[in-house]
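Structure, as structure tokens:
Every read-out reported here was derived from the displayed coordinates using simple, explicitly stated rules and does not represent laboratory data. Only a predicted model underlies this, so the values are computations on that prediction, with no experimental measurement involved. Ideal geometry is used to build each Cβ from the backbone, glycine not excepted, and the neighbour counts take in all protein chains shown.
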Amino acid sequence: MTRTRTPGISRRSTLALMGAGAMSVAAPWVARAQAKTIKIGMPTILSGRVAQLGTSSRNAVMLEVEKVNAAGGLAGRQIEMVIRDSKGQPQEAARVARELVNTDGCELLLDGEASSGSFAVHEVARDLGVLCIHTCSEASSLTADPKQHIPNAFRCVRQGIHDSIVGGSYAASIAKAKGLKKWATCSPDYAYGRDTTGEFTLYLKRFAPDVEIISESWPKLFQPDYTEVVTKILQAKPQALYSCLWGGDLTSYIDQANIYAMFSQMEVFAVNMADYTALTVVKNLPKGIHSGNRYIKTFPTTPENAAWGDAYRAKYNEYPTNWSWQNATAVMFLAEAAKKSNSADGKKIAEALKGLTIKCPFGADGTVTMRGDDHTLVGYAIGWGTTIPQEPYVPEVKAGDWKTIFELEAEWKKSKGYT
Amino acid sequence: MDIDALAGCLSSSACLVTQTTSGLIIGMLLFLVAVGLTLIFGVLKVVNFSHGAFYMFGAYFAMTAYQLTGSFALAMLAGAAGTAILGLIFERVFMSRVYGADVLMQVLVCYAFVLIFDDVVRMIWGPEFKAMGMPAAFQVMPLFIAGGVVPPYYLLLIGVALLAAIVLGIGLSRSRIGKVIRAAAHNPGMVSALGINTGMIYGGVFALGGMLAGLAGALAAPVRSLTPGMGFSVLIESFIVTVIGGMGSILGALIGALLLGLIRSFGSLGFPLFTEGLMYLFMVFVLVSKPTGLFGKEAA
């Protein structure tokens, strides 16, 4: 006996139809749920020698995103961060950024890359038209050079030229007061080290024309031993030394220079010293090293800044870094711009970001501004001070004057052919 | 190029003392790492690309011991002993399986462990850089000898490295164990036939090589920042030393390391933008004039 199929709708077909019906009823709910969430992609450095900075960027972003989500999200949409490791390689950063947008469906990008990677991510943003906020690159040309300008990219980072103007002015005032005319420099031998040192000495000589650079040292990045550099500087007998070594290189250099008693023989200006990553690691921190502020919770000296630093430390059991405050500020800007435009759409947020001033714990006067014409952060707390070996590490910071920064920055842009 | 600065230094006793000791310091630390590398190659005929990891572990072991005990001597002991044990285990469990294998296989195994060891350090001590700090006994003013500046800690460092060189040299040439090791390097089959456990000799040599690199890491820990992957740059310079001195030669490693230290020390004055280049240039010069290195022997 054979079974024959009767015409009409079979049991299997009925089940299939019911399933399809259920899907069509459920689909709008799924779509609505997706619309409630907005994915923000973030390539950053989570492995390798500077992983600590990338991790601190991620921590700061998550700290602020939690606040934004608790307050209702970005124009009503909860933020979902998708954070990926670029390993500090520019080509990987570009690949990750592209994948975050095209595959993961991220609608906005926070670029947590160092300068080399940022320029690569910038090109991805140019190509895809997605809103991108650079949160770590200090290279001035990223936003100063009009060739780099795109309407959908912003920089929420301190800038090399700003630091050099403030640092040069501060160092010149010390040089004049103490008669420091013979200077040496010691900076890492790559674009950041050379550019930053060049800009610092440019403004140092501008404010103190008597200054003469009598010795230059360019150790390679991540060099383990600085003995020959230290002794070379000692031979030159300068009255002051400038360095933009950073991270583990700076702490190695300080430990090795310390046993030659270098810090008692000259004034030392290390722009990257006043960051907790270096301050808390050096076991025998010499007193009196001049440094620019990177991130310390005592500058600006406001309860808001101190509270933010404490909240970060309470959550992650470590101090924030310079990259932390910049990333936190980027999320604050996104939240305010979304509120202003009443939208989570990248183009509308970009429009709202132009010239936007927000309340911020890291502002020189309690606010920071995203400058409209070159899409870069201004008004952040910037200054120099001297170190002591215990907290607060840099007890007094002499704040830079933004009026002077703006004047000299405009002059610098002109000299570079940017305006 | 700043020939005036170099000439000025050579005519000043203060500068000569400072730069020469600076060269000795760089050279002696390099020697400790390179001699382990050359010893392992000489006996086991293996180019140990993972040797830099032992330098890294030595530094981390020393830092941890120093933090726990506050004793500098125990820190040095922990750095040296810890890496010796690690070297023995590494050789017995992994490296012993690739003796006689294709060179590419040996390189791949070593390279895999470079990555594994870096990640192990990252997991245990974290990805951020760390510092051990200078022991209080050495936080003193440097010595001024003939106008030159010499930190006391570096005198200790040079002394320890020199002692290691002497003990190693005499031990290998005069002691019974040294003779067995040299015999095993020359003819392992014969040594084995005489009833000597060559496996233990190989393990011992690997442990000794690891210990020397670990000691270098421990001695460097008070003045260098500790970070996963810190062994890599030291490894490259150690290879230059062994190539200059001759693979397998302990005296060659000593002379090569000291020459390299002095080149860096005086080169930074006369050729500040070409100091690294000078090291490689010197290596090329040695290889062209004597391809086996200064003290290397022609293959039989």
How far apart, in nm, are two points set 7 Å out from the Cα along the Cα-to-Cβ line at residue B:136 and at residue A:214?
-> 3.8 nm
Excluding residues on the same chain fewer than 8 positions from residue A:283, give the lysines whose Cα lies under 23 Å from its Cα.
-> A:297, B:130
Residue A:354 versus residue B:12: modelled label distance in nm, points set 7 Å from Cα along the beta carbon direction = 5.9 nm
Straight-line reach from residue A:287: which aspartates and glutamates have Cα under 18 Å away, leaving out those fewer than 8 places along the same chain?
-> A:255, A:267, A:275, A:391, A:396
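Å³ per residue of the Cα convex hull, for region A:150-298?
Numbers: hull volume 18.6 nm³, N = 149.
That works out to 125 Å³ per residue.
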For chain B, with a Gaussian network of springs between Cα atoms less than 10 Å apart, report the residue from B:57, B:285, B:206 with the top mean-square fluctuation.
-> B:285
If we sort B:249-259, B:117-127, A:218-228 on the protection proxy, mean other Cβ atoms within 10 Å, highest first, what's the order?
-> B:249-259, A:218-228, B:117-127
Taking max minus min of the Cα coordinates of region B:1-60 on each principal axis, largest first, gives extents in Å of 46, 27, 20
So what's the angle, to the nearest 10 degrees on a 0 to 90 scale, between helix B:103-125 and the longest Cα principal axis of chain B?
-> 60 degrees
Separation between Cα centres of region B:221-300 and region A:218-281, rounded to whole Å | 24 Å
Among A:315/A:339; A:237/A:414; A:87/B:290, the pairs whose Cα-Cα distance exceeds 29 Å are A:237/A:414; A:87/B:290
Tell me the label-point distance for the pair residue A:396, residue A:367, using the 7 Å Cα-to-Cβ offset, in nm and rounded to one decimal.
-> 3.0 nm
Taking residue A:176 as the anchor, which lysines have their alpha carbon closer than 17 Å to its alpha carbon, excluding any fewer than eight residues away along the same chain?
-> A:205, A:398
Rule-of-thumb check for region B:77-138: C-alpha Rg over 2.2 N^0.38 Å?
-> 1.48
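Please give the charge dipole size of the protein assembly as shown, origin at the Cα centre, charges +1 on K and R Cβ atoms and -1 on D and E Cβ atoms. Round to the nearest 20 debye.
Working: 60 positive and 52 negative charges, 331 e Å.
Using Cβ point charges on Lys, Arg, Asp and Glu, the protein assembly as shown gives about 1600 debye.
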How far is the Cα center of region A:47-105 from the Cα center of region A:359-413, in Å?
-> 25 Å
All alpha-carbon distances of chain A, grouped into 20 Å bins from 0, give the whole-percent distribution 26, 52, 15, 5, 2, 0
Nearest 10 degrees, 0 to 90: what angle lies between the long axis of helix A:191-207 and the longest principal axis of chain A (Cα atoms)?
-> 50 degrees
Translational diffusion of region B:67-214, µm² s⁻¹ [Kirkwood Rh, Cα pairs; Stokes-Einstein; 37 °C; 0.692 mPa s] | 177 µm²/s
Please give the average number of partner chain Cβ atoms lying within 10 Å of the Cβ of each residue in B:266-276, rounded to a whole number.
-> 4
With springs only between Cα atoms under 10 Å, which of A:259, A:133, A:79 fluctuates most in a Gaussian network model of chain A?
-> A:259
Using a Gaussian network model of chain A with C-alpha springs under 10 Å, which one of A:154, A:406, A:200 is most mobile by mean-square fluctuation?
-> A:406
Restrict the search to region A:310-363; then list the trypsin sites (Lys or Arg not before Pro) that DSSP places in a loop and that have at most 15 other Cβ atoms within 10 Å of their Cβ.
-> A:354
Ratio of the Cα radius of gyration of region A:304-398 to 2.2 N^0.38 Å, where N counts its residues | 1.24
Which whole number gives the average, over all residues in A:230-238, of C-beta atoms from other chains lying within 10 Å of the residue C-beta?
-> 6
Would you list the P(r) distribution for region B:167-211, with all Cα-Cα distances sorted into 10 Å bins from 0 and each bin expressed as a whole %?
-> 29, 57, 14
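With a cut-off of 8 Å between alpha carbons and a minimum separation of six or more residues, what is the relative contact order of region A:150-221 in percent?
On the way: 81 pairs, mean separation 29.5, N = 72.
For region A:150-221, the relative contact order is 41 percent.
Taking the mean number of other Cβ atoms within 10 Å as a proxy for protection, how do you rank A:112-119, B:30-37 from highest to lowest? Walk me through the numbers before you get to the answer.
Numbers: A:112-119: 24.5, B:30-37: 30.1.
Ranking, from highest mean packing down: B:30-37, A:112-119.
Which translational diffusion coefficient, to the nearest whole µm²/s, is obtained for region A:163-207 from the Stokes-Einstein equation, given a Kirkwood hydrodynamic radius over C-alpha pairs, 20 °C and 1.002 mPa s?
On the way: Rh = 10.7 Å.
In µm²/s, the coefficient is 200.
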To the nearest Å, what is the center-to-center distance of region A:289-357 and region B:29-53, using C-alpha atoms only?
-> 49 Å
Is there a simple number for the mean count of other chain Cβ atoms within 10 Å of the Cβ of residues in A:278-286, and what is it?
-> 3
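What ratio of Cα Rg to 2.2 N^0.38 Å holds for region B:197-257? Walk me through the intermediate numbers first.
Details: Rg = 13.4 Å, N = 61, 2.2 N^0.38 = 10.5 Å.
Compactness ratio reported: 1.28.
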Note: the protein assembly as shown at 20 °C, 1.002 mPa s; Kirkwood Rh on alpha carbon pairs; Stokes-Einstein D in µm²/s works out to 76 µm²/s
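When a/c is below 1.5 the answer is rounded, else prolate if a/b is larger than b/c, else oblate, so apply that to region A:114-230 with a ≥ b ≥ c taken from the square roots of the Cα gyration tensor eigenvalues. It would help to have the intermediate numbers written out before the result.
Working: a/c = 3.49, a/b = 1.78, b/c = 1.96.
Oblate is the answer for region A:114-230, as a/c is 1.5 or above yet b/c matches or exceeds a/b.
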